[in-house]
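This report refers to the structure that appears directly beneath it.
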Ligand SMILES: C[S@@+](CC[C@H](N)C(=O)[O-])C[C@H]1O[C@@H](n2cnc3c(N)ncnc32)[C@H](O)[C@@H]1O
């Protein structure tokens, strides 16, 4: 099995696991990098691993030994559907975005360096593909989408170029058009930001995240931990706002005369602000470079007195 390096592993385990014999939910199982180490280090702990990608779950099943299989249950589920679970967890982990497996398999359509179908769905059985999204969008909406889901400054030019040159046979052809409209982008590939924005739109990632966080809070036992790694500023803003609001902070826009957001005191932040990976980790795992880790603990009694 090729080595998979989970992002901010030590920091995540420290935040996620408060009870060594507890029950944990990994809402973004991926390659089960974090969950596998949790099971190794805590022989009494159990994990429920969820992912919306059926291929990821199949792979984890193949790669899991019998002892871990006894303590690792797997369910195909989007985190917007976590409310279907009728159990309590001592910790819930979200390690957001796509996995290296999804990115590096050209057949999934996430890659801008190798040609693949215009797909980009994490769940290959649901929702519109990238080709369908591009077929039904006009230049203005596409531009706004690129602007809102990435920090791409040339969103207008890129949207115009994408609409003018389509339809596309594969992701490499689309990437070439994006790159030439984006112009030089320093060290990163000129298609990176736009591909990220398109992926976030295809998978409805911010809506999923908002629902996922709300669902997770309802599944947490008292003193259970909510741990989130975000890789994009839009995602991290949403996580920060959610944690602030649910730990009693006001999230109303500045300048309004009286608070209208009704803060709830259900969580306690485990630390202020955000934690980021150490330089040594980024040196060996460049995927970690944009990671932002936040975590909170559920108070003894939540809004329904649990
Ligand atoms: C960064 S990877 C997780 C990596 C994992 N922590 C590990 O170390 O192996 C993110 C995973 O979350 C899944 N995912 C993303 N959005 C999801 C959603 N809304 N519901 C369920 N799974 C999702 C992706 O399919 C992907 O497998």
Can you list the residues of the stretch 205-242 with backbone N under 19 Å from a point 7 Å past the Cα of residue 44, pointing along Cα to Cβ?
-> 221-225
Separation of the residue 164 and residue 252 label points, Cα + 7 Å toward Cβ, nm = 4.7
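Need one word for the stretch 1-86: rounded, prolate or oblate. Basis is the Cα gyration tensor (sqrt eigenvalues a ≥ b ≥ c); a/c below 1.5 gives rounded, then a/b vs b/c decides. Present the calculation step by step, with values, prior to reporting the outcome.
On the way: a/c = 1.35, a/b = 1.11, b/c = 1.22.
It is rounded, given that a/c, with a ≥ b ≥ c, falls under 1.5.
Per residue, what volume in Å³ does the Cα convex hull of the stretch 231-274 take up?
Values: hull volume 3.5 nm³, N = 44.
Dividing the Cα hull volume of the stretch 231-274 by its residues yields 81 Å³.
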Residues of the stretch 61-78 with amide N under 17 Å of the 7 Å Cα→Cβ point at residue 125 = 61-62, 74-78
Dividing the helical contributions, -39500 (n - 2.57) per DSSP H run of n ≥ 4, by the residues of the chain yields a 222 nm value, nearest 500 deg cm²/dmol, of -11500 deg cm²/dmol
Cut-off 15 Å, label 7 Å out along Cα→Cβ of residue 280, residues of the stretch 30-61 by amide N | none
Spin-label model distance (nm) - residue 204 vs residue 241, 7 Å beyond Cα toward Cβ = 1.9
Principal axes first, then extents: for the Cα atoms of the stretch 133-211, list largest minus smallest coordinate on each axis, whole Å, largest first.
-> 36, 29, 22
P(r), alpha carbons of the stretch 158-306 - 10 Å bins starting at zero, rounded % = 9, 29, 28, 20, 12, 2
Find the centroid of the Cα atoms in the stretch 284-298 and in the stretch 1-53, then give the distance between the two in whole Å.
-> 14
What FRET efficiency, computed as 1/(1 + (r/R0)^6) with R0 = 25 Å and r the Cβ-Cβ distance, is obtained for residue 54 and residue 113, rounded to the nearest 0.05?
-> 0.50
Over what distance in Å are the Cα centres of the stretch 91-122 and the stretch 227-251 separated?
-> 24
Based on the Cα coordinates of the chain, what is the per residue volume of their convex hull in Å³?
-> 147
Global form of the stretch 242-306, assessed from the alpha-carbon gyration tensor, a/c cut-off 1.5 = oblate
So for the pair residue 63, residue 268, with labels modelled 7 Å out along Cα→Cβ, what separation do we get in nm?
-> 3.7
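We did not get these values from a lab; they are worked out from the coordinates using the rules stated. Keep in mind that this is a model prediction, so the values were computed, not measured. We place every Cβ from the backbone using ideal geometry, glycine too, and count neighbours over all the protein chains shown.
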